[in-house]
Structures are given as C-alpha cells and as structure tokens.
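Trainee: Take a look at the following structure, please.
The values are calculated or read from the model by the stated rules, or taken from the named source; none is laboratory data. Note that the structure is a prediction, hence the values are computed from the model and not measured. All Cβ positions, even for glycine, are placed from backbone atoms using ideal geometry, and neighbour counts span all protein chains on display. What goes into the accessible areas is simple: the full protein's heavy atoms, side chains included, and nothing from ligands, DNA or RNA. Shrake-Rupley method; radii C 1.70, N 1.55, O 1.52, S 1.80 Å.
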Amino acid sequence: MRSRIRVNLPVEEMPKKWYNVKADLPFKLDPPLHPATQQPMKPEELSRIFPPSIVEQEATEERFVEIPEEVLEEYVVFRPTPLIRATFLEEYLQTPARIYYKYEGTSPTGSHKTNTALAQAFYNAKDGIKRLVTETGAGQWGSALSYAGRKFGLEVKVFMVRISYEQKPMRKYMMNLFDGTVTPSPSELTSSGKKFLSQDPSHPGSLGIAISEAIEEVMADPNTRYSLGSVLDHVLLHQTVIGLEIEKQLELIGEKPTIVMGCHGGGSNFGGTVLPFIPRKLAGENIRFVACEPESCPTLTKGEFRYDSGDSAGFTPLIKMYTLGKEFVPPKIHAGGLRYHGSAPIIARLVHEGIIEAESFDQEKTFEAARLFAKLEGIIPAPEAAHAIAGAIKEAIAAKEEKREEVIVFTLSGHGLMDLTAYV
Ligand SMILES: *Cc1c(COP(=O)(O)O)cnc(C)c1O
C-alpha cells in the first residue's frame, strides 16, 4: 500500500530570500522598450508607473533578494504551503509516476497571487505611495491586491474584465470586503474604456484593455502607482518562494523532480515554481519543465516571439515575449486568469531557447481533469490550475505506457470555491 504523504515545512524553514534566475542565465534578456521612441526604457521613465523599489527590483541581476521582514510576517499567515503527494490520483491512473502538488490555495484570497501582492503593497507603502490601481481577470489578482493594500494601508482600485465581473460577482464582494473598489472594464471612466465601449456597448473586456484603463488612471494622480499581478520580472521573483519551498520539501523526503509543471497565464505561478530548478537543467540534469495553457488562448504554443505592448491601447513598455497580438480578445473561457495575449519575458525566452516546453489543453479535457482531481484528492481546483492537472495526468499516463518512473511536481495555483458556477 502506498502511504499518503503531505510535506509541511516548519515556519522557520520558510525561504528568507527570493531567487533571481537572471543571475544564472547564459544570455541577457532583451530590455523593455519605450512605446513611443522604441528605445530601452530608462529607470526614471518607469518610475511614473512603479515605485523606485520595484523599478530597482525589476532590473536587478543579484542572485538572491532578501524578503523584507514585514512581508515575511504576512507570509507566515499561510506559508510555507503544503506539498502533497497525489496518491489517490496515482492509484486511479495506475501510473508508476509519483505525482506531487504544491497547494497555493491556502492563501487568504485562495491563490498564489498573494505572494507578490503583499510584496508590492509593502514596497509601494515604503516609498510613500498612497493608492494602487490595477486590473483583474477572474478576480484573484484584484482580491489579493485589495487584501495586501488593506494590510499595508493603501487604497486599491481595480478594473475588472467585464465578462468575469458578470460571471463572478463573489470576487467583487471579496474585494469590497478588503476595502478595494471595483469597476467593470471597459468603463466610461477612461478614454481607452470609452473607445472600446463605442465599438461594442456590451464589450466583454480583456486584460489588455483593463491594463490600459488602470494605467490611464495612474497617470492622472501623482500619488498613485500601478501594480501588475503577473508577467514582469519582479512578479516572478516574488513567486519563487513557491519553487524554493518545493526544493526544500522534496529534499526532506529524498525525492528528485524529473518533470516540473504549472498552468500559464502571464507566467507568474509557473515561473515561481520552475525558475529555482533552472540551474539544474543548465547543469545537464535530467529535468523537464512544462507550461500548460488553454487551447483557446495559446500564447506560448501559437504566439509569435517578438516585441509587443502589454496592454491593448499601447501605453505599457514594449516587451519581448510570446504574444497573440495586443488586439487579441480571448474567447469567454472560464479560466479568466489565463486570458492574456502575452507572456512573461523570462518564460518566453526560456521557451524560445528550448529550456522550457509548452503545451495547450482544451477546456473540456481540463474540466474533466479538474472534476477527477476534486473527487479523488478532495480539492476543487481553480479553472486555471486545472490546466496543470491535465498536464500532470497526461505525463503520468505517458510514463505508464512507456514504463518510465517519473517524479512529477506541479503547482495547484488556487482553489475553485469561488468558481463553482464554471463547474455546472
Ligand atoms: C492569475 C492566476 C493564474 C494565471 O496567472 P499566472 O501569472 O500565469 O500564474 C493561474 N492560476 C490562478 C489560481 C490564478 O489566480
């Protein structure tokens, strides 16, 4: 009989530093460019959008970055998160693979997003900023930032993609509970919002449009800054606390991962999970990394690797990434957090170099995997996280057919208790 394994790290074992993969990459990333001049962005140009601490962190090449004491104290509310062996799933699949999942749904707002929200709110408050504006897709990021703003005394305003605002009213209530204000996007409050509404009065919205609206609002007030829940280097940096914990947890039970996976929207939970393991691959170890994305928004598998804008109106710096084009309005799939036209530059480059693999999964297969996982393992996954489960199941079946032993680790980025309507 296989024993059920759950690896809990004591609080004292929580990582005290984030890991910066840029220190170990054998190449330099292409710099962000100014949208008007197409020249590399200067730090002072970024500081109208982000506070100085974040601007500095975005550019740093230091291998390890100290996690501030104030942020560690907030992490202790829910970190370290558990690493659980999916024995019920293994038995059901009759696979020789051992499958582990890192569960980020134990955070206060139910996803990994709190890891960076708390860090970003802390740095903004430290730099004297009073108010943060952001966008949210399914609502996880808006909830996480509202919570973090509440913790560090910042006002938070959220532009929420209209289709999700209508499909997921519970998320709005959660943001309001943490004193965040929520506006469906596109809205009448900004000129970019008005432009999209004039084209289609019932426009479903997109993350790209909501980002444009948020940045417009930031430019109108000198005490306000913008906060992004994914894509950028500093966001992935904050999320490496996930992978660093996984490393320690696997070491405790004497396991070596051979396949590390996660779902991919903008790349933050995936990056946070796999980046600490990249040096092993660079050193020639047998380890694979697989990003799992929806077939209907196939950024890494079907996008082009080129410079593109992060938002629809073209306000953000141009970044080199896989993109479906800034005009892309993704279909109304339930995994709202994966409906983004672009990707993290770090992940994009690693895919381009062949260090990371990407695969897409259709909505039906993904929900089938999510339902199976809920019934067997007892956790109802966020629709985004379900893509990682579909990926892990596929690898476990392949291992069985080819009689290979594998150690599969994936991040279950959030719970789906706020997304139950997607399951009916
Ligand atoms: C936001 C979100 C995602 C997608 O964003 P990434 O930056 O790619 O991680 C995935 N899962 C959950 C639960 C989310 O909230």
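Trainee: Could you compute the FRET efficiency for Thr181 and Glu402, with r as their C-beta to C-beta distance and R0 at 60 Å, rounded to 0.05? Write out the running numbers ahead of the final one.
Mentor: Values: r = 53 Å, r/R0 = 0.88.
The pair Thr181/Glu402 has a calculated efficiency of 0.70.
Trainee: Taking the DSSP beta bridges in the stretch 1-158 as the whole, what percent of them are antiparallel, to the nearest 5?
Mentor: Working: 9 of 13 bridges.
Approximately 70 percent, going by the DSSP bridge assignments.
Trainee: Tell me, what is the per residue accessible area of the chain in Å², probe radius 1.4 Å?
Mentor: Per residue, the chain has 38 Å² of solvent-accessible surface.
Trainee: Right, next: Find the centroid of the Cα atoms in the stretch 199-216 and in the stretch 333-407, then give the distance between the two in whole Å.
Mentor: If you average the Cα positions of each part, the centres end up 28 Å apart.
Trainee: Still on this structure, I have one more. Rounded to two decimals, what is the ratio between the C-alpha radius of gyration of the stretch 1-160 and 2.2 N^0.38 Å? All intermediate terms of the calculation are to be shown ahead of the outcome.
Mentor: Values: Rg = 19.3 Å, N = 160, 2.2 N^0.38 = 15.1 Å.
Normalised by 2.2 N^0.38 Å, the Cα Rg of the stretch 1-160 equals 1.27.
Trainee: Further question: Taking H as built 1.01 Å from N, whose amide H comes closer than 5 Å to the amide H of Ser360, not counting residues under 5 places away?
Mentor: Glu293
Trainee: Please state the charge dipole magnitude for the stretch 1-68, taken about the Cα centre, from unit charges on C-beta atoms (+1 on K and R, -1 on D and E), reported in debye and rounded to the nearest 20.
Mentor: 500
Trainee: Another question, then. Leaving out ligands, DNA and RNA, and with a 1.4 Å probe, what % of the accessible surface on the stretch 309-424 is carbon or sulfur? Kindly include the intermediate steps, with their values, before the conclusion.
Mentor: Values: 2300 of 4260 Å².
About 54 percent, which is the carbon plus sulfur part of the accessible surface.
Trainee: Set the Förster radius R0 to 22 Å, insert the Cβ-Cβ distance between Glu69 and Asn8 as r into 1/(1 + (r/R0)^6), and round the FRET efficiency to 0.05.
Mentor: On the way: r = 23 Å, r/R0 = 1.03.
FRET efficiency, Glu69 to Asn8: 0.45.
Trainee: Where the accessible area of the stretch 223-285 is counted over protein heavy atoms with a 1.4 Å probe, how much of it, in %, is carbon and sulfur?
Mentor: Working: 700 of 1470 Å².
The computed percentage sits at 48.
Trainee: Could you compute how fast the stretch 145-201 diffuses translationally, taking Rh as the Kirkwood radius over C-alpha pairs and applying Stokes-Einstein at 4 °C with viscosity 1.567 mPa s? Give it in µm² per second. If you can, show how the numbers build up before the last one.
Mentor: Values: Rh = 12.0 Å.
Translational diffusion coefficient: 108 µm²/s.
Trainee: Residues in the stretch 139-170, backbone N under 11 Å from the label point at Ala220 (7 Å along the Cα-to-beta-carbon vector): list them, ranges by number please.
Mentor: Within reach of a label on Ala220: no residues.
Trainee: To the nearest 20 debye, what charge dipole does the stretch 292-357 have about its Cα centre, counting +1 at the Cβ of each Lys and Arg and -1 at the Cβ of each Asp and Glu? Before the final figure, lay out the partial values.
Mentor: Values: 7 positive and 8 negative charges, 24 e Å.
Roughly 120 debye, rounded to the nearest 20.
Trainee: Convert 37 °C to kelvin, take the viscosity as 0.692 mPa s, use the Kirkwood radius over C-alpha pairs of the chain as Rh, and evaluate the Stokes-Einstein diffusion coefficient in µm²/s, rounded to a whole number. Please report the intermediate quantities before stating the final value.
Mentor: Numbers: Rh = 21.2 Å.
Roughly 155 µm²/s, to the nearest whole number.
Trainee: Each residue of the stretch 45-55 in turn: what ³J(HN,Hα) in whole Hz from Karplus with 6.51, -1.76, 1.60 and θ = phi - 60°, glycine and Pro shown as x?
Mentor: Karplus values, whole Hz, x for Gly and Pro: 6, 6, 6, 6, 9, 10, x, x, 4, 6, 4.
Trainee: With +1 assigned to the C-beta of every Lys and Arg and -1 to the C-beta of every Asp and Glu, and no other charges, what is the dipole magnitude of the chain about the Cα centre in debye, to the nearest 20? Before the final figure, lay out the partial values.
Mentor: Details: 47 positive and 55 negative charges, 100 e Å.
Roughly 480 debye for the chain.
Trainee: Another question, if that's okay. Residue by residue through the stretch 417-424, which ³J(HN,Hα) values in whole Hz follow from phi under the Karplus form 6.51 cos²θ - 1.76 cosθ + 1.60 (θ = phi - 60°), with glycine and proline marked x?
Mentor: Taking θ as phi minus 60°, the curve returns 5, 8, 10, 4, 5, 5, 8, 8 Hz for the stretch 417-424.
Trainee: Could you check what % of the DSSP bridge pairs in the chain are antiparallel, to the nearest 5?
Mentor: Details: 18 of 51 bridges.
Expressed as a percentage, antiparallel bridges in the chain total about 35.
Trainee: What FRET efficiency do you get for Lys42 and Tyr423 if R0 is 41 Å and r is their Cβ-Cβ distance, rounded to the nearest 0.05?
Mentor: Details: r = 47 Å, r/R0 = 1.16.
E(calc), rounded to 0.05, equals 0.30.
Trainee: Tell me, what HN-Hα J-couplings in whole Hz come from the Karplus equation 6.51 cos²θ - 1.76 cosθ + 1.60 at θ = phi - 60° for each residue of the stretch 296-311, using x for Gly and Pro?
Mentor: Ordered by residue, 3J(HN,Hα) equals 7, 9, x, 4, 6, 8, 10, x, 9, 8, 6, 6, 8, 7, x, 10 Hz.
Trainee: Work through the residues other than Glu402 whose Cβ is under 15 Å from its Cβ and net out their charges, Lys, Arg +1 and Asp, Glu -1.
Mentor: Result for the local shell: +1.
Trainee: Relative to the longest principal axis of the C-alpha atoms of the chain, give the angle of the C-alpha long axis of helix 140-152, reported between 0 and 90° and rounded to the nearest 10°.
Mentor: 70
Trainee: Provide the gained length on full extension for the span Tyr92 to His34, in nm with one decimal, where the gain is 0.36 nm per separating residue minus the Cα-Cα distance.
Mentor: Details: separation 58, 0.36 × 58 = 20.88 nm, distance 5.19 nm.
Length difference between fully extended and current span is 15.7 nm.
Trainee: Can you give me the orientation-averaged projected area of the convex hull built on the Cα atoms of the stretch 211-306, in nm²? If you can, show how the numbers build up before the last one.
Mentor: Working: hull surface 34.7 nm².
Approximately 8.7 nm², given one-decimal rounding.
Trainee: Cβ under 14 Å from Ile355's Cβ, Ile355 left aside: what net charge do those residues give with Lys, Arg +1 and Asp, Glu -1? Please report the intermediate quantities before stating the final value.
Mentor: On the way: positive: Lys22, Arg280, Lys281, Arg288, Arg349; negative: Asp24, Glu285, Glu353, Glu357.
Cβ neighbours under 14 Å give a net charge of +1.
Trainee: For helix 114-126, what angle does its Cα long axis make with the longest principal axis of the chain, in degrees from 0 to 90 and rounded to 10?
Mentor: Tilt of helix 114-126: around 40 degrees.
Trainee: Now, a different point. Assuming 0.36 nm per residue, please report the length gained on full extension of the stretch Glu62 to Glu353 beyond their Cα-Cα distance.
Mentor: On the way: separation 291, 0.36 × 291 = 104.76 nm, distance 2.21 nm.
Fully extending the segment from Glu62 to Glu353 adds 102.6 nm.
Trainee: Using the alpha-carbon atoms, what tilt in degrees (0 to 90, nearest 10) does helix 386-401 show relative to the longest principal axis of the chain?
Mentor: 30
Trainee: Mind checking the alpha-carbon convex hull of the stretch 112-242 and giving the volume per residue in Å³?
Mentor: Per-residue hull volume (Cα only) is 94 Å³.
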